[in-house]
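The values are calculated or read from the model by the stated rules, or taken from the named source; none is laboratory data. Predicted model only: the values in this text are computed from it and were never measured. Don't worry about glycine lacking a Cβ; one is built from the backbone with ideal geometry, like all the others, and counts go over all protein chains shown.
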Amino acid sequence: MGANARGRLATAAAALAIAGLLLGAPATAASAPARDRIAPGATLVTLRGGPPPGPTRSSRDATVIARVRRLVNDLPAYRPGPVCPDDLTVPSVLAFYRPRASTPYAEVSFQLGGCPTATVTQGARVVAPPLGGPHLLATFGLIRRLIDRPTPTT
């Protein structure tokens, strides 16, 4: 599956998850245990898209990957308000890859405009309700800085 198809699939999955919330589907922190969102085992994490669109960022640093995974897993479930401003921004997609894999085993789509949320998918399956809360933008900024940080050399 090409990158464009995965992006459309992630966007569609996020839209379905948000539509379910707006129609009254429950969203609680207990609805998806953190350990089920992003499993360990990644040897590469990438960040692409978003405002402004820039180059794909990546890290193979095990410490960075573990911290990024923990930051995503610690995000609370979030139920956006009934009215959100239009969000026409391109989502930023965080992807986790296992060794020798050409496709990610998990992705997190950060929609940072309108009512900011993050949606976790594995393949085409949404594995958690939308995530967010008051610290989502700060968490995304920290993730971006962690991935941008050069890997220390010894």
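Side notes on the structure shown:
- Within the stretch 110-118, one or more residues are within 11 Å of the chain's Cα centre (by Cα) and β-branched (Val, Ile, Thr).
- Residue tally, condition charged (D, E, K, R), part of a loop (DSSP other than H, G, I, E, B) and closer than 21 Å to Val45 by Cβ, over the stretch 63-114: 3
- Against the conditions (1) over 16 Å from Arg37 (Cβ atoms); (2) touching a Leu at 6+ places or on another chain (Cβ under 9 Å); (3) of a type in the set (Gly, Ala, Ser), Ser102 satisfies every one except (2).
- Filtered residues of the stretch 120-134 (kept if part of a strand (DSSP E or B), under 14 Å from Phe96 (Cβ atoms) and either at pLDDT below 90 or out of contact with any Asp or Glu (no Cβ under 6 Å at 6 or more places or on another chain) (or both)): Val120, Gln122
- Looking across the stretch 66-89, the residues that are more than 13 Å from the chain's Cα centre (by Cα) and of a type in the set (Val, Ile, Thr) come down to Val83, Thr89.
- Scanning the stretch 57-73 for residues that are free of Cβ contacts under 8 Å to residues at least 60 places away in the same chain and either aromatic (Phe, Trp, Tyr) or under 19 Å from Thr121 (Cα atoms) (or both) yields a count of 5.
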